[in-house]
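What follows is a set of notes on a single structure, which appears directly below.
The values are calculated or read from the model by the stated rules, or taken from the named source; none is laboratory data. All values derive from a computational prediction rather than experimental measurement. Cβ placement follows ideal geometry from the backbone for every residue including glycine, while neighbour counts extend to all protein chains displayed. Surface accessibility is based on the protein's heavy atoms, side chains included, excluding ligands, DNA and RNA. Shrake-Rupley method; radii C 1.70, N 1.55, O 1.52, S 1.80 Å.
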Amino acid sequence: MHPNSTDTTQPSFSSLSLARPLLLAVRKLGFEQPTPVQQQAIPLALEHKDLLVSAETGSGKTAAFLLPTLHHLLTLPSRKFGTRSLILAPTRELAQQIFKQCQQLAEFTDLKAGIITGGDDFRLQQNMLRRNTEIVIATPGRLLELMEQETPNFSNLEVLILDEADRMLDMGFSEDVLTIAKSCNSQRQTLLFSATLTHFGVIKMADKVLQNHEIVALNTLHDGHKNIEQQIVVADDNDHKEKLLAWLLLNESYDKALVFTNSRIQADALRGPLRGQKLRVGVLHGEMDQKDRNRMMDLYREGEINIMIATDLAARGLDIKGINLVINFDVPRNGINYIHRIGRTGRVDELGLAIALVKSTEWNLMSGIERFLKQKFKRRTIKELEGKYNGPKKIKASGKAAGIKKKIEPKKVAKEKVKIRQRDKKNVGKRRAPTSQPPSGSQEQ
Ligand code: AMP
């Protein structure tokens, strides 16, 4: 929807429960209705959730993060010292646009915003930081320069926003952004906006800076993952999958392999059989204590073990060089999880291979993921271990398995049998002798 188009079926800004001065500013700017990204992101951000949002320039994304942030700053006043909200943007131009919109939306409040970008007066910017300005909008490079001189106080920061994160990463700001994020209060809320959610750098960054985040995915702009070969191997059942997994781990060439399961129990169950094949395997899941997890990670990083079986949660933040094979023992529950998993391989210039083991009950889930990514994965058969299941017999245009319709026989309606006794026939027309106990439901006449 274009920001200026009006649709009476859509919610209004007032239904988003924003503070009155913000609603006044929105009206003054002529925004009649929230855009889709605003409709979805604002209520979640108002609940103080961390968000990963896919939104492009022109979608109204700036107001989608500014409005809930301003609302937060207005309704939860703080007496603490330092910047309350920091917005990082890749370019000076974008930072200026955000700054302008921030001033417009904060017009009827006392909140103050400042801007820090390269090319402007260094000392003025230092002064602005010292003045306890509530909202700081900055490009990472210049902000870091200032931080090297004297630390701006982000220890009481309440909201950190990374706008156009994918562009920031493409411009080489990854380390700078992480250094800045590390200097911020760890209890803050973080909102990460990116044109695409499938950018490996964005996945990596989301893992590091967000906590229990929600995803708002509005567009389906996806990278091609050209450096990762993606394959599907169909399997009869979990036993068959186990054999396929062992075969792949014994026969593929890789430095480090990462095997994903959907459950901790499944992850544990795979360890024994694989070790039985003399494979150097470790397991990583959320039920393990931190000490054991760290030990596992060290063994894997140092190459003592070269195969890790992990659940999605445990693999968050796992950033280890040399992973060039990812095997999905279980098909992940959705496309975003799939991308997060395969994103562990094929980093930057490395080539990677991602293989999903798919049994019949997972076929539709897998085809949904292919549709989500607008990609068709390569079907592969392991000759030595060919099973009975070869994928669905018939496939719909959507890629899903076409169900085999059973012929439904019309039900025969059984005629109610009425038993006519011989003696009743004989008594037709005769009056029945009254009985002392009438049968239930019958009435004496
Ligand atoms: P952005 O995607 O944040 O760069 O915004 C694109 C343009 O849409 C900017 O000029 C905003 O001022 C404008 N805009 C943002 N939200 C709305 C809205 N709800 N209704 C109309 N225009 C909007």
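A few notes on this one:
- When P140 is tested against (1) more than 29 Å from the chain's Cα centre (by Cα); (2) open to solvent by less than 30 Å² (accessible area, probe 1.4 Å), only condition (1) is not met.
- For the condition open to solvent by less than 10 Å² (accessible area, probe 1.4 Å), in a helix (DSSP H, G or I), near the ligand (Cβ under 7 Å from one of its atoms) and closer than 21 Å to F108 by Cβ, A25 does not qualify.
- Residue among E93, E32, E56 that is open to solvent by 40 Å² or more (accessible area, probe 1.4 Å), within 16 Å of the ligand (Cβ to nearest atom), over 21 Å from the mean Cα position of the chain (by Cα) and under 25 Å from H199 (Cβ atoms): E93
- Enumeration of residues in region 59-90 that are away from the ligand (no atom under 16 Å from the Cβ), open to solvent by less than 10 Å² (accessible area, probe 1.4 Å) and out of contact with any helix residue (DSSP H, G or I) (no Cβ under 6 Å at 6 or more places or on another chain): L73, G82, T83, L86
- Among the residues of region 35-53, those identified as in a loop (DSSP other than H, G, I, E, B) and more than 13 Å from the ligand (Cβ to nearest atom) are E47, H48, K49, D50.
- Filter pass, G114 being open to solvent by 10 Å² or more (accessible area, probe 1.4 Å) and in the same structural domain as S183 (by TED's automatic domain parsing): no
- Qualifying residue in region 281-295 (condition: touching a Gly at 6+ places or on another chain (Cβ under 7 Å), touching a residue at least 12 places away in the same chain (Cβ under 8 Å) and either open to solvent by 50 Å² or more (accessible area, probe 1.4 Å) or not in a loop (DSSP other than H, G, I, E, B) (or both)): no
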